[in-house]
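Please read the structure below before turning to the comments.
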Amino acid sequence: MKAAVYHGPQDLRVEEVPVRGLKENEVMIQVKYCGVCGTDMHIFNGDGGSFEVHPPLIPGHEFSGIVAKTGSAVTSVQVGDRVSGDPNDMCGECYFCKNAMQHFCTDNVGVGTTVDGGFAEYVILREKQVYQFSEHLSFMEAAMAEPISCCLHGIDLCHIRSGCTVLVMGGGPIGMIMMQLAKNAGAATVIMSEPVAEKRELALKLGASRVINPMEEDVEAVLADCCKNVDVVIECVGNIHTQADAVRFAGKGATVMYFGLASPEAAYPLKPDLVFKKELTITSSFINPYTFERAIQVLESGTIELKSLITDIIPLDHIVDVFTKPEYRRTGKVMIQIAE
């Protein structure tokens, strides 16, 4: 099969690789689309993702497709089913799995991070990782189930209450999803801070109450003018400067969610006195425990607008361009089309 194989930092090649045989509890999916994630960019640049990466590896963990083949013991899906897949396969036996913290599993298998993933014509998962979706949902939308599942976990940890004010920092695809989920969770005011004009315009179309250009406006002054208190800040940039700003912009008793993935070695000085005087809760969100089924339900409900977030559809043969040409990092979600 054809696949994009990561051989080391900034070394991604499209090449022919063998398709391994199925175990009895595994499902082979013919991939239609696979989204490019910030984690994939970190892997490409040698920074690693949520898990340690050992090349050669086929990345890609946001995919959808059709069941092409099933192992002898598989009963929940059959050939031809439309499916997406949770890339995280937990052991179910370690301390964390047995204590409802499966995302900290000490023997986790990550499709696209520790084992071969979706930037390929076929990907293989265990049956328990495979989720069906209806014909009402497109393959491209279904490929967004994984990022939405991660966002749902982050939103859960924000403890958004009806009527509160939420500031989302960063208007990329994840920020736009978080903004919509925050509104659906009951936020009365959702403010988007984003330097790119086109993204600010899109945020307004998707329901933002107010947008801010942090490069030209005094964010603290704007916040003071348009709300009494910022109850939740969701940082989706993954930059130490915006992460420091998130603490500064947070209101009294606020939750600060670090959702963007910064470089593992990055750090910034934090003033504990500021955290103390505001009584802040600073948290983060690690992968997607127990949320993939909910993500499919959210997609099927149509309560999240996704089509405007997908700005580029690139064939697998040209995937290297997405990682090397800066123009793709200035747009929205890039989808790699594997099959028609």
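Give the residues of the stretch 181-198 that are in contact (Cβ under 8 Å) with a residue 40 or more places away in the chain, assigned to a helix (DSSP H, G or I) and more than 14 Å from the chain's Cα centre (by Cα), sorted by residue number.
Of everything in the stretch 181-198, those that are in contact (Cβ under 8 Å) with a residue 40 or more places away in the chain, assigned to a helix (DSSP H, G or I) and more than 14 Å from the chain's Cα centre (by Cα) turn out to be 182, 184.
For residue 261, indicate whether it is at pLDDT below 95 and either surrounded by 19 or more Cβ atoms within 10 Å (Cβ to Cβ) or aromatic (Phe, Trp, Tyr) (or both).
Values: at pLDDT below 95: yes; either surrounded by 19 or more Cβ atoms within 10 Å (Cβ to Cβ) or aromatic (Phe, Trp, Tyr) (or both): yes.
Answer is yes for this residue.
How many of the residues making up the stretch 291-340 are assigned to a loop (DSSP other than H, G, I, E, B), in contact with a strand residue (DSSP E or B) (Cβ under 6 Å, 6 or more places away or on another chain) and farther than 20 Å from residue 66 by Cα?
Residues of the stretch 291-340 that are assigned to a loop (DSSP other than H, G, I, E, B), as a first pass: 291, 302-306, 325, 331-332, 338-340.
Applying the additional criterion that residues be in contact with a strand residue (DSSP E or B) (Cβ under 6 Å, 6 or more places away or on another chain) yields 331-332, 338-339.
Next cut, farther than 20 Å from residue 66 by Cα only: 331-332.
Adding up the residues that qualify gives 2.
Looking at 219, 233, which is the one that is in contact with a Leu (Cβ under 6 Å, 6 or more places away or on another chain) and either within 22 Å of residue 262 (Cβ to Cβ) or not small (Gly, Ala, Ser) (or both)?
Numbers: 219 fails: in contact with a Leu (Cβ under 6 Å, 6 or more places away or on another chain).
Just one listed residue meets the conditions, 233.
Right, residue 227: in contact (Cβ under 8 Å) with a residue 60 or more places away in the chain and over 17 Å from residue 176 (Cα atoms) or not? Break it down stepwise before answering.
Values: in contact (Cβ under 8 Å) with a residue 60 or more places away in the chain: yes; over 17 Å from residue 176 (Cα atoms): yes.
Answer is yes for this residue.
Out of everything in the stretch 214-255 that is in a loop (DSSP other than H, G, I, E, B) and among the acidic types (Asp, Glu), what residue ends up being surrounded by the most Cβ atoms within 10 Å (Cβ to Cβ)?
Step one: filter the stretch 214-255 for residues in a loop (DSSP other than H, G, I, E, B), giving 214-218, 227-231, 236-239, 250-254.
With among the acidic types (Asp, Glu) added as a condition, the list becomes 216-218, 231.
Details: 216: 7, 217: 13, 218: 11, 231: 24.
Per the criteria, the residue is 231.
Taking the stated definitions as given, is residue 285 at negative phi, of a type in the set (Gly, Ala, Ser) and crowded, with 19+ Cβ neighbours inside 10 Å? If you could, list the steps in order and put the result at the bottom.
Working: at negative phi: yes; of a type in the set (Gly, Ala, Ser): yes; crowded, with 19+ Cβ neighbours inside 10 Å: yes.
Taking the combined requirement at face value, the residue satisfies it.
Considering the stretch 49-103 alone, what residues qualify as being among the β-branched types (Val, Ile, Thr) and at pLDDT below 95? Lay out the reasoning, then the answer.
Taking the stretch 49-103 and keeping what is among the β-branched types (Val, Ile, Thr), we get 53, 58, 66-67, 70, 74-75, 77, 79, 83.
Residue satisfying the conditions is 53 alone.
What's the total number of residues in the stretch 207-218 that are within 10 Å of residue 193 (Cβ to Cβ) and either outside the structural domain of residue 180 (by TED's automatic domain parsing) or over 26 Å from the mean Cα position of the chain (by Cα) (or both)?
So the answer is 1.
The conditions are (1) buried (at least 22 other Cβ atoms within 10 Å of the Cβ); (2) closer than 19 Å to residue 287 by Cα; (3) touching a strand residue (DSSP E or B) at 6+ places or on another chain (Cβ under 9 Å); (4) touching a residue at least 60 places away in the same chain (Cβ under 8 Å), and residue 166 fails exactly one of them. Which is it?
The failed condition is (2).
Taking the stretch 264-282 as the region of interest, how many residues are exposed (fewer than 14 other Cβ atoms within 10 Å of the Cβ) and more than 17 Å from residue 160 (Cα to Cα)? Walk me through it before giving the result.
Going residue by residue through the stretch 264-282, those that are exposed (fewer than 14 other Cβ atoms within 10 Å of the Cβ) are 264-274, 276-277, 279.
Going one step further and asking which of them are more than 17 Å from residue 160 (Cα to Cα), we end up with 264-274, 276-277.
Of the residues in that region, 13 qualify.
What residue, among those in the stretch 134-151 that are touching a residue at least 60 places away in the same chain (Cβ under 8 Å) and surrounded by fewer than 21 Cβ atoms within 10 Å (Cβ to Cβ), is farthest from residue 6 (Cα to Cα)? Lay out the reasoning, then the answer.
Residues of the stretch 134-151 that are touching a residue at least 60 places away in the same chain (Cβ under 8 Å), as a first pass: 134, 136-137, 139-151.
Next, only the ones that are surrounded by fewer than 21 Cβ atoms within 10 Å (Cβ to Cβ) stay: 134, 136-137, 140.
Details: 134: 33, 136: 34, 137: 31, 140: 23 Å.
By that ranking, first place goes to 136.
Just checking, does the stretch 221-231 include any residue being at positive phi and β-branched (Val, Ile, Thr)?
Of all residues in the stretch 221-231, those at positive phi come to none.
Checked the stretch 221-231: no residue is at positive phi and β-branched (Val, Ile, Thr).
Could you count how many residues in the stretch 247-290 are under 20 Å from residue 41 (Cβ atoms), more than 17 Å from the chain's Cα centre (by Cα) and of a type outside the set (A, V, I, L, M)?
Qualifying residue count for the region: 2.
Do you know which of the residues in the stretch 307-340 that are among the hydrophobic types (A, V, I, L, M, F, W, C) and out of contact with any Lys or Arg (no Cβ under 8 Å at 6 or more places or on another chain) is surrounded by the fewest Cβ atoms within 10 Å (Cβ to Cβ)? Working first, answer last.
Here is the first cut: in the stretch 307-340, the ones among the hydrophobic types (A, V, I, L, M, F, W, C) are 309-310, 313-314, 316, 319-320, 322-323, 334-336, 338-339.
Next, only the ones that are out of contact with any Lys or Arg (no Cβ under 8 Å at 6 or more places or on another chain) stay: 313-314, 319, 322-323, 334-336.
Details: 313: 12, 314: 16, 319: 25, 322: 22, 323: 20, 334: 22, 335: 23, 336: 27.
In this case the residue turns out to be 313.
For the stretch 145-163, which residues satisfy the criterion of being within 8 Å of the chain's Cα centre (by Cα) and more than 19 Å from residue 283 (Cα to Cα)? Talk me through it step by step, then tell me what you get.
The initial filter retains those residues of the stretch 145-163 that are within 8 Å of the chain's Cα centre (by Cα), namely 146-151.
Matches in the stretch 145-163: 146 only.
Return yes or no: is residue 202 more than 17 Å from the chain's Cα centre (by Cα), under 20 Å from residue 36 (Cβ atoms), at pLDDT 95 or above and part of a helix (DSSP H, G or I)?
Numbers: more than 17 Å from the chain's Cα centre (by Cα): yes; under 20 Å from residue 36 (Cβ atoms): yes; at pLDDT 95 or above: yes; part of a helix (DSSP H, G or I): yes.
When the stated conditions are applied, residue 202 passes them.
Would you pick out the residues in the stretch 273-290 that are outside any loop (DSSP other than H, G, I, E, B) and either modelled with pLDDT under 95 or of a type in the set (A, V, I, L, M, F, W, C) (or both)?
From the stretch 273-290, those outside any loop (DSSP other than H, G, I, E, B) are 273-278, 281-284; that's our starting set.
Result: 274, 275, 276, 282.
The values are calculated or read from the model by the stated rules, or taken from the named source; none is laboratory data. Note that the coordinates shown come from a computational prediction; the quantities given were computed from them, not determined experimentally. Ideal geometry is used to build each Cβ from the backbone, glycine not excepted, and the neighbour counts take in all protein chains shown.
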